[in-house]
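Below is one structure; the comments refer to it alone.
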Amino acid sequence: MNIVACVKQVPDTEAQIKVKPDGSGIDESGIKWVMNPYDEFGVEEALKYKEKFGGDVTIVTFGPARAMESIRTALAMGADKGIHIDDPSYDGADAYATASVLAAAIKTIPYDVIFCGQRAIDDDSGQVAAILADMLDLPQLTVVTKAESDGKTVKVVRPVEGANFVIEAALPAVVTAQKGLNEPRYASLPGIMKAKKKPVDVKKAADLGVSVESKSKVAKMVPPPARPPGKIISGDEPAAKAAELAKLLREEAKVI
Amino acid sequence: MAKGVFIVAEQRDGAFRKISFELASTARKLADELGDEVGAIVLGSGVEGIAGELGKYGVDKVFVADDAALEPYTTDAYAAAVEKIVKENDPAILLFGATAQGKDLAARLTGKLATGLATDCTDVKIADGKMVAIRPMYAGKCFGEVVISAFPQMASLRPNVFPAVENAKAGAVTKVDAGLGAVAMKTKVVEVQKDTSGKIDLTEANVIVSGGRGMGGPEGYSILEELANILGATVGASRAAVDSGWRPQTDQVGQTGKVVSPNLYVACGISGAIQHLAGMSSSKYIVAVNKDPEAPIFAKADYGIVDDLFKLVPELAKECKKLLG
Ligand SMILES: Cc1cc2nc3c(=O)[nH]c(=O)nc-3n(C[C@H](O)[C@H](O)[C@H](O)COP(=O)(O)OP(=O)(O)OC[C@H]3O[C@@H](n4cnc5c(N)ncnc54)[C@H](O)[C@@H]3O)c2cc1C
Ligand SMILES: Cc1cc2nc3c(=O)[nH]c(=O)nc-3n(C[C@H](O)[C@H](O)[C@H](O)COP(=O)(O)OP(=O)(O)OC[C@H]3O[C@@H](n4cnc5c(N)ncnc54)[C@H](O)[C@@H]3O)c2cc1C
């Protein structure tokens, strides 16, 4: 089976995000970059499919030079090869533009299933995979916690508010991973050594014949609104503190 | 020339979900600034009867596609129907709910309509005749203002953030043919397993009572359930509690869980790790109960109590019961 996993490199969840004073973006100094946590589930599922059906796993990344580390991480987990579109147009590319680049890269290889994360935890837009599916004219199975395949079809569980949808589609298809899909493996030491020798094809967007055309842009970034300082309800007796809190919630905040 | 502010309303089992009224009211506000009309798209099977209700929330025109193929939701059928209605009416702005369905649908349409989409927005406004969509990024660690150069300018709105305001307009209903005969359905819904517990989803809850590692085990949650019952709240959890197997994955709040914005979030035995704060810091009021006065959650809390939660929560339940009768 030809298995593809799209991987984005994002700031570590611990990162303190500071907006640049001119609002043009975030200050990247001191940020530790990691593979998007949801993409770890996507890579793990890709490896499970490989173990079951044979074939190989290709990692596709659109991002700057540093993004190569996330490809190497996926290769160390057991993926076979990578495509890295390292192009300055990454900066400012919106979801539509990102999906166009990924689609152009994926069209150059055979594919039976494409795994993505349900969203990237930095920009949080959760739409690249669906746009990619549309561009490749494939079914999309988004935010799934289970993805069983018999090699020809895939059957997923998709939790929505108040229900689980069980959905089936013929392969090839795009599947986006939600937490709960699996437990991503760690890269082993031999895995890390081997990863260094695995092939990664580094390309420019122009090599793929795609022009990176964004439909949206972020005009400005701002820090979150500051919260007014809170009140600590002091006292010795839990009952008295609870009574005071209930009263504040009812009369001051008016939320109960 | 694209004109009008449209919404894709969401119904379930023949009743509009609250987000539909939030969308309609927000669209009304934007349309008034632009001097335009509000259009609503209603999709489903047997939904024609409810369509007019949207007029109450400021919708001028309702386009209803009532088709057996639109129940249950599938990406292909819904995307094709919306695409057709958008192409026939050419709206300038198209709003969705940032719900499971709305997110799946809007993203597909971004591809089909070759436009831009700002997801999970907490505010939208008009500047220079265009929509400016404000959305949290890095799970709320900062906010971005998105402008879209193509049409329709699309945004999905976070549930529970925008007010639903009554403002009666015509709400004139037009039936449209979704034209699904020729559309290839790439997915098939094999089963819909409904959660019959009646629990309100965290993303839609007005009040959330959440517990972390401090709950000590799955049994500990019974006191939270009791408080939640009194307050009409939904119980949430930190990742520590979910990873320990005390609570299901669907209860996790945070950067890799659900991002919630209730009126009231009560955090019990939760330290306030940055990933947890990311998921709940847009709550209107935050209460923290923790025995450690140094816990970072107190820095975000409007009201904090330093105490043993096993002593405090039952007392709080009692007091709330007294107040609420
Ligand atoms: C402040 C700010 C706000 C923004 N707001 C918007 C907005 O509202 N709308 C918009 O369209 N764009 C927006 N962008 C642009 C955004 O950075 C890119 O569009 C981004 O690549 C796509 O969104 P995402 O990263 O959230 O991906 P998601 O759609 O959340 O990612 C889902 C999955 O797609 C795959 N994927 C995504 N990107 C890549 C990649 N580069 N390489 C490989 N796989 C990938 C991964 O598997 C990932 O898990 C914003 C950017 C900034 C800086
Ligand atoms: C990639 C990544 C993603 C993550 N995503 C998320 C996420 O989405 N959501 C999330 O929540 N976390 C997430 N985390 C985990 C996060 O870093 C913290 O580990 C987690 O939030 C801690 O949960 P907690 O506050 O319940 O536990 P702890 O940090 O252990 O805190 C327990 C608290 O309970 C208090 N306590 C104990 N007993 C009592 C008592 N009897 N009475 C009162 N107080 C008591 C303690 O003082 C302490 O403050 C993520 C981590 C990573 C690395």
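The values are calculated or read from the model by the stated rules, or taken from the named source; none is laboratory data. None of these values were measured; they are calculated from a predicted model. For neighbour counting, all protein chains shown are included, and Cβ atoms are generated from backbone atoms with ideal geometry for every residue, glycine included. Accessible surface is based on the protein model in full, side chains and every heavy atom, while ligands, DNA and RNA are left aside. Shrake-Rupley method; radii C 1.70, N 1.55, O 1.52, S 1.80 Å.
Can you pull out the chymotrypsin sites (Phe, Trp or Tyr not before Pro) in the stretch A:46-113 whose DSSP state is coil and whose Cβ has at most 15 other Cβ atoms within 10 Å?
Values: sites: A:TYR49, A:PHE53, A:PHE62, A:TYR90, A:TYR96, A:TYR111; in loops: A:TYR111.
Filter output for the stretch A:46-113: empty list.
Can you give me the distance in nm between label points at B:ALA168 and B:LYS199, each placed 7 Å from the Cα along the Cα-to-Cβ direction?
Taking the two extended label points, one gets 4.1 nm.
Summing Lys, Arg as +1 and Asp, Glu as -1, what charge do residues with Cβ under 14 Å from the Cβ of A:ILE256 carry, A:ILE256 excluded? Could the numbers behind the result be given before it?
Values: positive: A:LYS247, A:ARG250, A:LYS254, B:LYS284, B:LYS318, B:LYS321, B:LYS322; negative: A:GLU244, A:GLU251, A:GLU252, B:ASP302, B:GLU319.
Neighbour charge sum, excluding A:ILE256 itself: +2.
Counting Lys and Arg as +1 and Asp and Glu as -1, what is the net charge of the other residues whose Cβ lies under 11 Å from the Cβ of B:ASP66? Each step should come with its number before you reach the end.
Details: positive: B:LYS175; negative: B:GLU48, B:ASP67, B:GLU71, B:ASP177.
Neighbourhood net charge equals -3.
For the stretch A:2-208, with only Lys/Arg (+1) and Asp/Glu (-1) charged at the beta-carbon, what is the dipole magnitude about the Cα centre, in debye rounded to 20?
Values: 24 positive and 30 negative charges, 143 e Å.
Around 680 debye, computed over the stretch A:2-208.
When the Cα centres of the stretch B:205-274 and the stretch B:142-196 are compared, how far apart do they sit, in Å?
29 Å
Mean-square fluctuation check for chain A, GNM, Cα pairs under 10 Å: which of A:ARG72, A:ARG158, A:ARG227 is largest?
Answer for the Gaussian network model of chain A: A:ARG227.
From the alpha carbon gyration tensor of the stretch B:214-278, can you work out the equivalent ellipsoid semi-axes (sqrt of 5 times each eigenvalue) and give them in Å, largest to smallest? Could you put the intermediate results ahead of the total?
Numbers: eigenvalues 58, 45, 21 Å².
Ellipsoid half-lengths, sorted descending, are 17, 15, 10 Å.
Hey, can you list the DSSP H helices of chain B whose Cα span along the axis is 20 Å or longer and whose average Kyte-Doolittle score is at least -1.0? All intermediate terms of the calculation are to be shown ahead of the outcome.
Numbers: long enough: B:18-34 (25 Å, -0.06); B:75-89 (21 Å, -0.25); B:309-324 (22 Å, 0.38).
Answer set is B:18-34, B:75-89, B:309-324.
Straight-line reach from A:LYS197: which aspartates and glutamates fall under 15 Å, measuring Cα to Cα and dropping same-chain residues less than 8 apart?
A:GLU69, A:ASP80
Distance between Cα centroids, the stretch B:1-64 to the stretch A:88-140: provide it in whole Å.
If we compute the Cα centre of each part, the gap is 30 Å.
Would you please classify the overall shape of the stretch B:108-185 from the alpha carbon gyration tensor, given that a ≥ b ≥ c denote the square roots of the eigenvalues, rounded means a/c under 1.5, and beyond that prolate means a/b larger than b/c while oblate covers the rest? Please list the in-between numbers first.
On the way: a/c = 1.92, a/b = 1.32, b/c = 1.45.
Judged from the Cα gyration tensor, the stretch B:108-185 comes out oblate (a/c at least 1.5, b/c at or above a/b).
Sorting check: for B:250-257, B:153-160, B:8-15, which peptide has the highest mean count of neighbouring beta carbons within 10 Å, and how do the rest follow? Walk me through the intermediate numbers first.
On the way: B:250-257: 23.5, B:153-160: 26.4, B:8-15: 18.0.
Taking the mean over residues of other Cβ atoms within 10 Å, the ranking is B:153-160, B:250-257, B:8-15.
Taking a label point 7 Å from the Cα of A:LYS231 along the Cα→Cβ vector, which residues of the stretch A:239-256 have an amide N closer than 13 Å to it?
What the label zone holds, given the 13 Å backbone N cut-off, is A:241-255.
Which aspartates and glutamates have a Cα less than 18 Å from the Cα of B:LYS3, not counting those fewer than 8 places away in the same chain?
B:ASP32, B:GLU33, B:ASP36, B:GLU37, B:ASP60, B:GLU83, B:GLU88, B:ASP90, B:ASP128
Holding the Cα-Cα limit at 27 Å, pick out from A:LYS155/A:LYS217; A:LYS8/A:LYS81; A:LYS52/B:LYS194 the pairs that are longer than that.
Details: A:LYS155/A:LYS217 36 Å; A:LYS8/A:LYS81 15 Å; A:LYS52/B:LYS194 31 Å.
As for pairs spanning more than 27 Å Cα to Cα, those are A:LYS155/A:LYS217; A:LYS52/B:LYS194.
If you build the Cα gyration tensor of the stretch B:5-182 and take the root of 5 times each eigenvalue, what three semi-axes come out, in whole angstrom, biggest first?
On the way: eigenvalues 108, 65, 47 Å².
Equivalent ellipsoid of the stretch B:5-182: 23, 18, 15 Å, largest first.
Using a 7 Å offset from the Cα along the Cα-to-Cβ direction at both B:LYS284 and A:ASP91, what is the distance between the two label points in nm, to one decimal?
4.2 nm
Can you tell me how much longer the chain between B:GLU33 and B:LYS321 gets when fully stretched, taken as 0.36 nm per residue apart minus their C-alpha distance, in nm with one decimal?
On the way: separation 288, 0.36 × 288 = 103.68 nm, distance 4.43 nm.
Value of the extension gain: 99.3 nm.
Restricted to Cα positions, what overall size does the protein assembly as shown have along the principal axes? Three whole-Å values, descending.
69, 66, 50
With runs of 4+ DSSP H residues as the only contributors, calculate the mean residue ellipticity of the protein assembly as shown at 222 nm using -39,500 (n - 2.57) per run, divided by the residue total and rounded to the nearest 500.
Details: 13 runs with 148 residues, N = 581.
One gets -8000 deg cm²/dmol as the mean residue ellipticity at 222 nm.
How big is the stretch A:2-208 in terms of Cα radius of gyration and Dmax, in angstroms?
When restricted to the Cα atoms of the stretch A:2-208, Rg and Dmax are 16.4, 53 Å.
Identify which of A:PRO190, A:PRO229, A:PRO172 has the largest mean-square fluctuation in a Gaussian network model of chain A, with springs joining Cα atoms closer than 10 Å.
Among A:PRO190, A:PRO229, A:PRO172, the largest GNM mean-square fluctuation belongs to A:PRO229.
What's log10 of I(q)/I(0) for chain B at q = 0.10, 0.13 Å⁻¹, Debye sum over Cα points only, no solvent?
-0.63, -0.97
Have a look at the stretch B:172-296 and give its Rg and Dmax from the Cα atoms, expressed in angstrom.
18.7, 63
So for the stretch B:5-182, averaging the separation of alpha carbon pairs under 8 Å that are six or more residues apart and normalising by length, what relative contact order in percent results?
On the way: 417 pairs, mean separation 52.8, N = 178.
Averaging sequence separation for qualifying contacts and normalising by length gives 30 percent for the stretch B:5-182.
Using a ≥ b ≥ c from the Cα gyration tensor of the stretch B:246-325 (square roots of the eigenvalues), is it rounded, prolate or oblate, where a/c under 1.5 gives rounded and otherwise the larger of a/b and b/c decides, a/b for prolate? Present the calculation step by step, with values, prior to reporting the outcome.
Working: a/c = 1.65, a/b = 1.38, b/c = 1.20.
Prolate, since a/c reaches 1.5 and a/b exceeds b/c.
Tell me: how much accessible area in total is hidden between B and A, 1.4 Å probe, Å², nearest 100? Mind dumping the intermediate values first?
Working: alone 15210 and 14600 Å², together 22970 Å².
Approximately 6800 Å² gets buried when B meets A.
Could you compute the FRET efficiency for B:LYS175 and A:SER29, with r as their C-beta to C-beta distance and R0 at 60 Å, rounded to 0.05? Provide the component values of the computation, followed by the final result.
On the way: r = 58 Å, r/R0 = 0.96.
Efficiency, from the Cβ-Cβ distance: 0.55.
Using only Cα atoms, tell me the angle between helix A:68-77 and the longest principal axis of chain A; keep it within 0 to 90° and round to the nearest 10.
Rounded to the nearest ten degrees, it is 80.
Note down the net charge around A:GLY23, summing +1 for each Lys or Arg and -1 for each Asp or Glu among other residues with Cβ under 14 Å from its Cβ. Walk me through the numbers on the way to the answer.
Values: positive: A:LYS18, A:LYS20, A:LYS217, A:LYS220; negative: A:ASP22, A:ASP27, B:GLU145.
Taking every other residue near A:GLY23 into account, the sum is +1.
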